Amino acid sequence: MRTGQLLSWHPSIARSILVFSGVGILAALDCQATYLVAMVEPDRIVIAADSRWTIGNRSEVVCKIHAPRAGCAFSIAGLFHQPETGFDSIALANRTCETPTPPATTPTSRAYMFGQIALPELKRAIDYSRREHPLIYNREFAGKKLLSGIFAGVENNEMVIVVESIVLNRDGNLHQETTRISRSTGNEIFMTGISADAAVRLLNKHPNWPRADLVFHMVEAEIDENPGLLGPPIAVLEVTRLGYTWIRPGVCAPPSLGSIQLSKE
């Protein structure tokens with residue numbers, strides 16, 4: 001099963017699942033073939049991702065879940081770097097975490113801010129690709145979802161994930177799309193990646209596993225199925241109403257970091 005469609009599964013898990021397509025490895029723009037899965041529970045969100053970054057024949061181990069401060073946790077799927085134009089989606093997402101005061105601290109406000117600041121930067125990067133690599137641009141970019149910023153946290157007393165995506169229309173214009181994942185919307189599990197077959201099979205086979213274990217093994221199953229694009233270590237982050245905890249830090253944090261709590265000031 002290719003990603004980008006709505007799925008259903010064992011009723012004891014949830015009501016529906018959102019799966020977003022990942023972006024391939026393309027010339028002129030660095031992309032992450034990320035597999036990420038997040039599950040929303042009443043008082044927490046658990047997020048897991050692989051750690052392989054590949055461009056051409058190069059492959060590195062990188063962090064794909066970012067929590068620069070308590071109350072701001074995010075991940076990026078799709079295009080993330082272009083040295084020629086200075087485009088850097090992770091740096092742009094980090095800027096949204098620098099605003100410490102409400103109402104700009106909710107996942108919705110951070111996601112919207114990310115889309116607003118990323119859109120003109122991405123347009124410059126895409127225009128460069130269109131000029132310098134027109135064949136790749138027409139084949140791989142036009143009509144595709146290029147970039148998604150995935151923000152997790154608490155909003156209106158509910159644990160939520162808000163995904164802000166930027167899509168390139170066939171006419172060459174970019175537009176934003178917003179998706180909300182929460183228990184109230186009926187979408188409690190979110191995945192993004194090049195496929196989801198192995199993860200969904202495991203999800204259906206073990207619907208009652210503890211969620212932190214389940215997301216880890218779902219990423220593990222996708223790594224086994226796509227070893228050329230995905231790879232360990234697997235990072236697992238728990239986001240709660242009070243802050244976050246690295247259950248499995250992978251390369252995202254020192255093993256001794258532990259829990260980061262929201263300030264009570």
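Take every Cα pair under 8 Å in region 125-265 that's 6+ residues apart, average their separations, divide by the length, and report that relative contact order as a whole percent.
13
Using +1 at the C-beta of Lys and Arg and -1 at the C-beta of Asp and Glu, which of Ala253, Ile166, Leu237 has the Cα lying farthest in the positive direction of the dipole of region 140-265?
Selected residue: Leu237.
Sort out for me the Cα centre separation of region 51-99 from region 131-181, rounded to whole Å.
Between the Cα centres of region 51-99 and region 131-181 lies a distance of 14 Å.
In terms of modelled amide H atoms, which long-range or inter-chain residues lie less than 5 Å from the amide H of Glu41?
Counting only residues 5 or more places away or on other chains, the set is Val46.
How much length, in nm to one decimal, is gained on full extension between Thr178 and Asn57, taken as 0.36 nm per residue of separation minus their Cα-Cα distance? Could the numbers behind the result be given before it?
Working: separation 121, 0.36 × 121 = 43.56 nm, distance 3.36 nm.
Extra length available between Thr178 and Asn57 comes to 40.2 nm.
Can you list the aspartates and glutamates whose alpha carbon is less than 16 Å from that of Lys145, not counting same-chain residues fewer than 8 positions off?
Filter leaves Asp30, Glu121, Asp127, Glu164, Asp171, Glu177.
We did not get these values from a lab; they are worked out from the coordinates using the rules stated. Quick caveat, the model's predicted, so the values are computed rather than measured. When we count neighbours, we look across all protein chains shown, and the Cβ atoms used for this are built from the backbone with ideal geometry, even at glycine.
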